[in-house]
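A short write-up of the structure that comes next.
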Amino acid sequence: MWEERFAELSAVAARQNGMVTAAQAARVGVDDRGLAHFAASGLLVELDWSVYQLAWSSTGPRYAYPYAAWLALLPELYRWERPRSADEDAVLSHESACRLLGLGSVASPLMIFTSPEALEAPRAVKIHLARLTPEEVTVVEGIPVTTAHRTVVDLVADWTDHGDLRRVLMDAVLKDLVDLRALHADLAPLAERHEFPGDGARFVEYFIPDVDPAALSPRNRRGHAALVHPERIAAVEPRVAHMLTEAGAVPDETLSRDIAAEIISRVG
């Protein structure tokens, strides 16, 4: 009997990063007594929030705990019964997203999610109520999480310490998890209220003062040049546009601006 029940439990857990909630276990006929038996036998490990992990699961703590918390938000539902689109479900966010994405070292005692609808928060879990777009959500090791761009915007809006923000932004830019120009465009309207520089050059100096442009991805080298040397790019862009027209290219302001930014980023 125990073997049959554990086989059913394992089949469910295998589709959920090796994890299963107590409520899900009850659906396959394994009650609390059964879970205690499997834990005592060394077959299961209780993580938290009444979520258990198969002892031989390869999912490490960095991913296991946020995934367990995510399961615990809707403990009766199997993963495949939850919304197919990640942005329609609860999504790991804010400081918890930073930990998962490897951005900075923002401390938080809570596991933080953003959800489009109100949910009952388990112990040590905080839920922000907001609707995200598909472009603001990614999936890491099965865990829906806000993109680095959305995570930074959330941290700023949530009044995160600027010292912590600097470390987060530096990691996000160096790992090419954000487009520096696009991030600045979304943060600039928040600058006055949250007391940081909105001007491009001063924004870069304030948040990523020690960054070496040569260490950046091509798009962020161009973004860095666009923010720090806008006047030089503006001087070069008309000549680039003229050359493109002479070469038979269809007039494209974005292309000519990017080429001008690339030139300035290379000449320093």
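Dividing the mean sequence gap of close Cα pairs (under 8 Å, 6+ apart) by how many residues segment 1-62 holds gives a relative contact order of 34 percent. Arranged from fewest to most other beta-carbon atoms within 10 Å of their beta carbon, 243, 111 become 243, 111. Once the C-beta distance of residue 8 and residue 48 is scaled by a Förster radius of 30 Å, the resulting FRET efficiency is 0.85 to the nearest 0.05. A Cβ-based charge dipole, computed about the Cα centre of the chain with Lys and Arg at +1 and Asp and Glu at -1, lands at about 360 debye. Cβ crowding within 10 Å, taken as a proxy for footprinting-reagent exposure, orders 267, 12 from fewest neighbours to most as 267, 12.
Charges were assigned to the Cβ only: +1 to each Lys and Arg, -1 to each Asp and Glu. The resulting dipole of segment 1-62 about its Cα centre is roughly 180 debye.
Packing, taken as the mean count of other beta carbons within 10 Å per residue, orders the peptides 119-130, 177-188, 60-71 from highest to lowest as 60-71, 177-188, 119-130. Restricting the calculation to Cα atoms, segment 2-86 shows an Rg/Rh of 0.93 when the hydrodynamic-style radius is the Kirkwood one. Computed over Cα pairs, the Kirkwood radius of segment 150-211 leads via Stokes-Einstein (1.002 mPa s, 20 °C) to a diffusion coefficient of 187 µm² per second.
In a DSSP loop and with at most 16 other Cβ atoms within 10 Å, the GluC sites (Glu not before Pro) in segment 26-112 are 76.
Annotation: segment 1-158 has a Kirkwood hydrodynamic radius of 16.1 angstrom, from the mean reciprocal C-alpha pair distance.
We did not get these values from a lab; they are worked out from the coordinates using the rules stated. Note that the structure is predicted; figures quoted are calculated from it, not measured. Glycine gets a Cβ as well: all are built from the backbone with ideal geometry, and neighbour counts include every protein chain shown.
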